[in-house]
Amino acid sequence: MVNKDLSITFLGVKFPNPFCLSASPVGNCYDMCAKAYDVGWGGVVFKTIGFFIADEVSPRFDKIGKESTPFIGFKNMEQIAEHPLEDNLRDIRNLKKKYPHQVLIASIMGANEKEWEDLARLATEAGADMLELNFSCPQMTSHAMGSDVGSSPELCQKYCTAVRRGSKLPFMAKMTPNITDMVPVAKACLDGGADGIAAINTVKSICSLDLEKHIGMPIVDGKSSISGYSGKAVKPIALRFMQQLKQAIPDVQISGIGGIETWVDAAEFILLGAKTLQVTTGIMEYGYRIVEDMKNGLMHYMEEQGVDHLEDLVGLANKNIIPAEQLDRDYKVYPSIDLDKCIGCGRCVISCYDGAHQAMEWDKETRKPKCNHDKCVGCLLCGHVCPVGAISKGEIEFKKGRQGNRKKEDIIL
Amino acid sequence: MDNCKYSQPFEEPLSLKTVDEEANRCLLCLDAPCSQDCPAGTDPAKFIRSVRFLNFMGAAETVRENNPLGAICARVCPTERYCQKGCSRSGIDRPIEIGKIQQFVTDYENAHGMKILKKSKANGKKVAIVGAGPAGLTAGATLVKLGYKAEIYEASEKAGGYLRYGIPEYRLSDEIVDSEIKRIEDVGVKIHLGVKVDQKKLDELKANYDAVVLALGSNKGKILPMFEKNAKVVTAVDFLAEIKAKKGAVKLPDQVLVIGGGDVAMDTVTTLKLLGVKQVSDVVYETFEEFKASKKELQGAQKLGVSILDGYIPEKVEGGIVSFKHRYKESRLSIAADLIILAVGQFTDLNGITDLTIEKGEGKDNGKIFLAGDIAHGEKTVVYAVRTGKEVAYKIDNFLEGK
């Protein structure tokens, strides 16, 4: 079996591998975290602890699917830990005793400076390796906590400073995506003493409605609430925030979160600058075992990329995401249709007509498509809808008078 | 004669797209029944999960590290008897097509030039293996993994045994057999071809090696007494071997009678139909309720137009006309054929070896001689040959290392 070193140092702490449970229902007690370590997770962010004890609704989840995929996005109404603070601190102590080489991160949430400072001290005394400041839970029943705090740079900075007073441990601040620009908040946290950033927490959402009762889901005695949305569907949003953070603050260290289920997702977060990765929804659906294929798949990817240290992959893609105004707009790429692969369904023709530029023509007799280059703008919508992958990027054509002295073969497609 | 149907795989392999769909049908269930039902110890739940989560290389490792003939088993294993039998998905519609997913995974492994089989540092001991069929090949690969030098002695011109000379091309191509054998050779197993092992040669092997594996297979077809010396009669074993060697380019008559109802009989009747024989009748000792062959193969044969008559035993033969009577009901039939193929069981040609006695098809280990494959205890299938090939390697390791 392939064997590569997946260890990575993040905020000065060495992780045996970058895969961590995120602060959530999946790391809610000693037994859960112990099982996760046993299965091979490199770290655990223990479910957020605080003086506030959550009082939860029932039921508390919803999901959204598309076509035959039952679970592309997930909505969760749980807040922070529901066990007493002392019990959580005891679990943290015991976990650290049993698993000294795996990383344990205490996620904390206070309602004021004193609580933040006290929680930081208590978690440090319990033996945590690192802290994460939860500035981002979007479904708190108190507006002094959660994403309401995370939208305010001033509050975030103040609470970071308080945490720094309470602990010498490295700590990261966990960001809410329910904000136009995350950068000012992240900068304020770093200014307040945070060593790194965790992003993203869940996106405020209503997943679905009961059409008979006219109530959002899940229904709690005839009502529902807006709450956090996660899973595969939020990955693109999370990746965008990775990029924006790295662009604005190049040396920021990030723990990436948002829809990670496969090694491919993991590699994408790493290439955009994440050093560690946190997972919840994938575990809630499939269990801790998903880490096996994430680790093994990532090792194979490292092998293919010819790198021995995971660190060497971090942030490799950041330089290749640039502002829209800087992209090369001098050429178009026509679709190349593999007629042997084509099964004659005509979906490319439908999408091209109704959603693009009416360039894909249809031969009724042979049931085969043909691209009319006079109309085609090279958007390649056709390739995205083809069910058998018969349409790929083909011939390049420079727009009139735009080639200069460039060659087609130099264009990276 | 049109032989292209014979040489083409019966079913389309899965593509990247369809394997994703099939893996997504998998319920990823707890304590997966599929992973508890493979004689060769395959863990389908694990490799299907890897496919589901896009880790195709990891899936290939899971298959190959456990089974040096993973690409062959993927194609020939009667999965509905083993891994697919308890599939939880049956509670919704039908089991996951585990063999097809395994085939995709091993094809992916080939396409990406992965070399997964490993050998350990040599421990200085060496083992001779007689027979390069599935059991001998598996024993060789496993012994090398444990640090032994393994050399196989094979009587035929090519390695593979029943994989090469028995299983029809449409189920298992020579190309796959070649590439699987090459993997095993690449990892250090040496194969000597065209060496017939008799007692004298066996004595020599015993003297020169620390242990000897006999994986002789049951390489000869049985002939019922009434069919002896009948010019129209051949055994299914000989028939399938000839067809495969000639890639189906054999002239066949219009009326063929097959007697027998096991997997070999199903391979025979299917081959005949794929080669364009008009009338193929298969008379079977067992009734359909007692049938031995896999349901899939049986239905496949019936779909091709083979008439299968169940519950009959042959009474009399005159030239090409065979009369049968039913075992339970008052019914007789008489079938005329230009060719009669017997698929009524196989036996092992010992070639004068006296160190081994075989009773009811099976023998016993004897001193430094160890058995694998058909002549070892267990079912007579490829997957069992893989199992006993692995077992014999560990048995020898225990024997020689005193574990």
ask   = Among A:116, A:362, what is the fewest-to-most ranking by other Cβ atoms within 10 Å?
value = A:362, A:116
message = Output wanted: per-residue J couplings in Hz (rounded whole) for the stretch B:125-139, from phi through Karplus 6.51 cos²θ - 1.76 cosθ + 1.60, θ = phi - 60°, x for Gly and Pro.
response = 9, 9, 10, 9, 10, 9, x, 9, x, x, 5, x, 5, 5, 4
key: Built amide H within the under 5 Å cut-off of residue B:191, gap 5+   = B:152
inquiry  = I'd like the Karplus ³J(HN,Hα) series for the stretch B:57-73: coefficients 6.51, -1.76, 1.60, θ = phi - 60°, whole numbers in Hz, and an x wherever there's a Gly or Pro.
reply    = 5, x, 4, 4, 4, 4, 5, 6, 4, 8, 9, x, 10, x, 6, 6, 4
query = Which net charge results when you count Lys and Arg as +1 and Asp and Glu as -1 among the other residues whose beta-carbon is under 9 Å from that of residue B:39?
reply = -1
task = Answer with one residue from B:35, B:63, B:18: the one whose Cα lies farthest towards the positive end of the charge dipole of the stretch B:12-111, charges on Cβ with Lys, Arg +1 and Asp, Glu -1.
result = B:35
remark   = Rounded to the nearest Å, the spacing of the alpha-carbon centers of the stretch A:73-120 and the stretch A:347-413 is 53 Å
request  = Could you tell me the largest-minus-smallest coordinate of the C-alpha atoms of the stretch A:340-379 on each of the three principal axes, in descending order and whole angstroms?
outcome  = 24, 18, 17
task = Could you tally the net charge around residue A:217, taking each other residue with its Cβ under 13 Å from the Cβ of residue A:217, Lys/Arg +1 and Asp/Glu -1?
result = +2
note = The Cα radius of gyration of chain B, divided by 2.2 N^0.38 Å with N its residue count, comes to 1.01
query = According to the Kirkwood expression over distinct Cα-Cα pairs, how big is the hydrodynamic radius of chain A, in Å?
reply = 23.3 Å
message = At a 10 Å Cβ-Cβ cut-off, how would you order A:141, B:381, B:18, A:124, fewest neighbours first?
response = A:141, B:18, A:124, B:381
Max mean-square fluctuation residue, GNM over chain A, Cα-Cα springs under 10 Å, options A:247, A:326, A:358 = A:358
message = Using alpha carbons only, how many angstrom separate the centre of the stretch B:298-360 from the centre of the stretch B:41-101?
response = 34 Å
Under-5 Å amide H pairs with residue B:130, H placed in peptide plane, nonlocal only = B:153, B:213, B:214, B:215
request  = Give the calculated FRET efficiency between residue B:185 and residue A:406 to the nearest 0.05, with a Förster radius of 56 Å applied to their Cβ-Cβ distance.
outcome  = 0.65
ask   = Which whole-angstrom value gives the distance between the alpha carbon centres of the stretch A:6-27 and the stretch A:158-204?
value = 17 Å
query = Among rounded, prolate and oblate, which fits the stretch A:52-187 when a ≥ b ≥ c are the square roots of the eigenvalues of its C-alpha gyration tensor, a/c under 1.5 means rounded, and a/b larger than b/c means prolate?
reply = oblate
query = If you take the Cα Rg of the stretch B:326-390 and divide it by 2.2 N^0.38 Å, with N the number of residues, what do you get?
reply = 1.66
message = For the stretch B:266-403, report the % of Cα-Cα distances exceeding 23 Å.
response = 53 percent
inquiry  = With unit charges on the beta carbons (Lys and Arg positive, Asp and Glu negative) and the dipole taken about the Cα centre of chain A, which residue among A:349, A:1, A:257 sits farthest to the positive side?
reply    = A:349
note = On the formula 1/(1 + (r/R0)^6), with r taken between the Cβ atoms of residue B:286 and residue B:220 and R0 of 25 Å, the FRET efficiency rounded to 0.05 is 0.65
ask   = Under the rule of -39500 (n - 2.57) per DSSP H run of 4 or more residues, summed and divided by the residues of chain A, what mean residue ellipticity at 222 nm is obtained, to the nearest 500 deg cm²/dmol?
value = -9000 deg cm²/dmol
key: Karplus 3J(HN,Hα) series, Hz, for the stretch A:204-216 with 6.51 cos²θ - 1.76 cosθ + 1.60 (x for Gly, Pro)   = 4, 7, 10, 7, 6, 10, 7, 6, 6, 8, 6, 10, x
key: Dipole of the stretch A:8-320, positive direction: furthest Cα of A:146, A:245, A:167, with charges on the beta-carbon   = A:167
query = Which net charge results for the neighbourhood of residue A:226, defined as the other residues with beta-carbon distances under 10 angstrom from its beta-carbon, given Lys and Arg at +1 and Asp and Glu at -1?
reply = +2
request  = Could you line up A:66, A:375, A:174 from fewest to most neighbouring Cβ atoms inside 10 Å?
outcome  = A:66, A:375, A:174
note = All alpha-carbon distances of the stretch A:328-410, grouped into 10 Å bins from 0, give the whole-percent distribution 18, 49, 24, 9, 0
inquiry  = If each DSSP helix of 4+ residues adds -39,500 (n - 2.57) and the sum is divided by the residues in chain B, what number results at 222 nm, nearest 500 deg cm²/dmol?
reply    = -10500 deg cm²/dmol
key: Average Cα contact separation per residue, chain A, under 8 Å, 6 or more apart, as relative contact order %   = 14 percent
ask   = With charges only on Cβ, +1 for K and R and -1 for D and E, what is the dipole size of the stretch B:233-378 about its Cα centre, in debye, rounded to 20?
value = 460 debye
query = What number, in nm² with one decimal, is the all-direction average of the projected area of the convex hull of the alpha-carbon atoms of the protein assembly as shown?
reply = 44.7 nm²
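No lab work stands behind these numbers, since they all come straight from the coordinates. Because the structure is a prediction, the values reported are computed rather than measured. Note: ideal-geometry Cβ built from the backbone for every residue, glycine included; neighbour counts use all protein chains shown.
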